[in-house]
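Working notes, structure below.
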Amino acid sequence: MVSIKHISSLRDEDLILAPDVDVPTLRSALEELSRIVGSDNIDILTKDHMMPDEDGHYFNVPREHDIFYVLEKDTFLASAVVSPKNTEEVSAIVKLANKVLLPLWPISRGRNLGYGGAAPRLRGSVVLDMGKQMNRVLEVDGKSATCLLEPGVSYFDLYDYLQNNGFKHLWIDNPDLGGGSVVGNALDRGAGYTPYGEHFSMHCGMEVVLPTGDVTRTGMGALPGNNTWQAFQYGYGPYPDGIFTQSNFGIVTKMGFWLMPDPGGYQSYLFSFPRDTDLPAIVEIVRVLRLNMTGVLNDEDIDKIAKEIGVGRWNVYGAMYGPKEMRDIQWEAIKSAFLTIPGAVYTFPEDVEKGDVAKVIHMRDDTLKGLPNTYELGWLNWTGPKGSLLGFSPISPTTGPDAIKQYNMVKRRFTEFGFDYIGTFIVVCLTFDKTDPESRRKAHRCIELLIDDAAKEGYGEYRTHLCFMDQIASVYNWNGNSSLKLNETLKDSLDPNGILAPGKSGIWPKRLRGRGFEIKRTQEYDGGHSDYESTVIPSGRIEGSKL
Ligand code: ADP
């Protein structure tokens, strides 16, 4: 990244141009952005100034490109990264972007690993880093168990704040890794492991900068002088919050959440099952227990590692929350259900202190009680260049036959392309070696085929990497693509100049629609003999400026 102060040293041909933005326009827009946010809060990108991957680690992810790039490293590349410090600055940036047709890509902490990280879908977009300066816990109400956050607050930050400010009685729910943003994760509809694990449904109220630069508040926030913004989700009239998730309809500058009051007791457990074929029976039991609200939360296959470390082929982690009397009743129900599967065994964290099984179960024990951590980076092998991650997240019914169908479908493709299966039954993690172009091609083609395999069975992905946004939008096509058409209608009305996150979730604004920016399916995989780039994106379309 290059400081704005050195912009004059950059050659015109080095700048990364978005479509419809020429060099003089970009240069003057960058100067204007620097006046809005201050010259220390804007950096310029060129192909030669991307963060070297070896410099990036979990707490210092690149904000201009995807560290786990599947296509080329500079396919999804920002032209600049800008970090505003308040809502007024965000609004001023958006108004400027409208004047010069500069696309913006908002991120909170940019740790959307496996889905594109901080990188923008449209090359040449300016990444709007909402996390660098807007990272305050604005309010916690200890009695109502609510909080109001800026986008930069991570799970670690929120946990520390509660611990250090007299709110130890409030628990948080974090996903597998604690360094992401509470707001960003909820906006991408991420999930965690406690009873508050469905993050979007636990939010309450948003402040949003619309694509025109106007600012609005949802729910009770629309009523001046209210004291219920974080208490009642809906307010009055239509409920718009959902349209600001996985979308490009607004930039969220504040967001409220409900926190879990200390449940008064907690016990996690691990059930292990010996055979691969146990999966359908396990899933049938999980569904019944979940519908009865018995508190089983997660099942996970750690496959071949399992053999090495002595846990089962399939493993179900879960926890019970509440006073001991309640947990005892739950435990009887959970235990008798799972022990109907021959060979099933269970362990509590306090039973194992040393060895690999202990590590696995204690890691899950922390996550299930809302202690933010980064344990999973271990199995992603973050430090080496080989551990790149691509997430595949199909939604299928919680039934035994569907579980086995989905598992076989993924395993078949993974085996065909030579990848190991690591799945948590909401996300399948494909790990590949980004330093090897062949491995990237295989990873891309494998997931591309799986999306279509899944669609044939009626399974759709709940979230995806930048590469697959167009393809997935194309399979959610009931009744003549009515869903995408509705999104496009909203997009054109809210964002007439098409400046906010073009292409997010396959939604392109009118100005850019049909001009070749959509990523088409690749041709049949031919063992890597074709010119890959030109089969993925029509040539000449990667550089917006070449249009
Ligand atoms: P995290 O660091 O929690 O994984 P990110 O910052 O990467 O989350 O955000 C995930 C995705 O959510 C982004 O790619 C972006 O599309 C969307 N997003 C994040 N923050 C905002 C925001 N403040 N306003 C609108 N969309 C956002």
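Take the Cα atoms of the chain, find their three principal axes, and give me the spread along each one in whole Å, biggest first.
If we take the Cα atoms of the chain, the spans are 70, 64, 47 Å.
Using Cα positions and a limit of under 24 Å, work out the lysines in reach of Lys369, with same-chain residues fewer than 8 apart set aside.
Excluding near neighbours in sequence, the set is Lys143, Lys168, Lys324, Lys335, Lys354, Lys359.
Write down the radius of gyration of segment 95-142 and its Dmax, each obtained from C-alpha positions, in Å.
Cα radius of gyration and Dmax of segment 95-142 are 13.9, 45 Å respectively.
Tilt of helix 478-494 relative to the longest C-alpha principal axis of the chain, in degrees (0 to 90, nearest 10)?
50
Mind listing the long-range amide H neighbours of Trp508? Cut-off is under 5 Å, sequence gap 5 or more, other chains count too, H placed in the peptide plane at 1.01 Å from N.
So Trp508 has HN proximity to Gly503.
Among all the lysines, which ones have a C-alpha under 29 Å from Lys5's C-alpha, if same-chain residues fewer than 8 places away are not counted?
Qualifying lysines at Cα under 29 Å: Lys47, Lys73, Lys85, Lys95, Lys99, Lys132, Lys546.
Can you work out the Karplus-derived ³J(HN,Hα) for every residue in segment 148-155? Use 6.51 cos²θ - 1.76 cosθ + 1.60 with θ = phi - 60°, whole Hz, and x for glycine or proline.
Taking θ as phi minus 60°, the curve returns 10, 10, 8, x, x, 6, 8, 4 Hz for segment 148-155.
Going by accessible area, probe 1.4 Å, with all protein chains left in place, what is the ranking of Glu284, Glu457, largest first?
If we order Glu284, Glu457 from most to least accessible, we get Glu457, Glu284.
Which residues' amide hydrogens lie under 5 Å from the amide hydrogen of Ser3, considering only partners 5 or more residues apart or on another chain, with H built in the peptide plane?
Ile44
For segment 309-376, what is the charge dipole size about the Cα centre, in debye to the nearest 20, if Lys and Arg each add +1 at the Cβ and Asp and Glu each add -1 at the Cβ? The partial results should precede the final answer.
Numbers: 8 positive and 10 negative charges, 30 e Å.
Computed about the Cα centre, the dipole is about 140 debye.
Can you list the residues, at least 5 places off or on another chain, whose amide H is less than 5 Å from the amide H of Ala80, using H built in the peptide plane?
Leu45, Val127
Taking 0.36 nm per intervening residue step and subtracting the Cα-Cα distance, what contour gain separates Asn226 from Ser144 on full extension? Please list the in-between numbers first.
Details: separation 82, 0.36 × 82 = 29.52 nm, distance 1.50 nm.
Here the segment from Asn226 to Ser144 would lengthen by 28.0 nm.
For helix 279-291, what angle does its Cα long axis make with the longest principal axis of the chain, in degrees from 0 to 90 and rounded to 10?
80
If you count, for each residue, the other Cβ atoms within 10 Å and average over each peptide, how do 14-24, 469-479, 340-350 line up from highest to lowest?
Working: 14-24: 18.5, 469-479: 16.6, 340-350: 14.4.
Going by the mean number of other Cβ atoms within 10 Å, highest first, we get 14-24, 469-479, 340-350.
Please name whichever of Ala78, Leu371, Met255 sits farthest to the positive end of the charge dipole of the chain, dipole taken about the Cα centre and charges placed at Cβ: Lys and Arg +1, Asp and Glu -1.
Sorting the options by dipole projection puts first Met255.
The values are calculated or read from the model by the stated rules, or taken from the named source; none is laboratory data. Here the structure is a predicted model, which means the values were calculated and not measured. When we count neighbours, we look across all protein chains shown, and the Cβ atoms used for this are built from the backbone with ideal geometry, even at glycine. Surface accessibility is based on the protein's heavy atoms, side chains included, excluding ligands, DNA and RNA. Shrake-Rupley method; radii C 1.70, N 1.55, O 1.52, S 1.80 Å.
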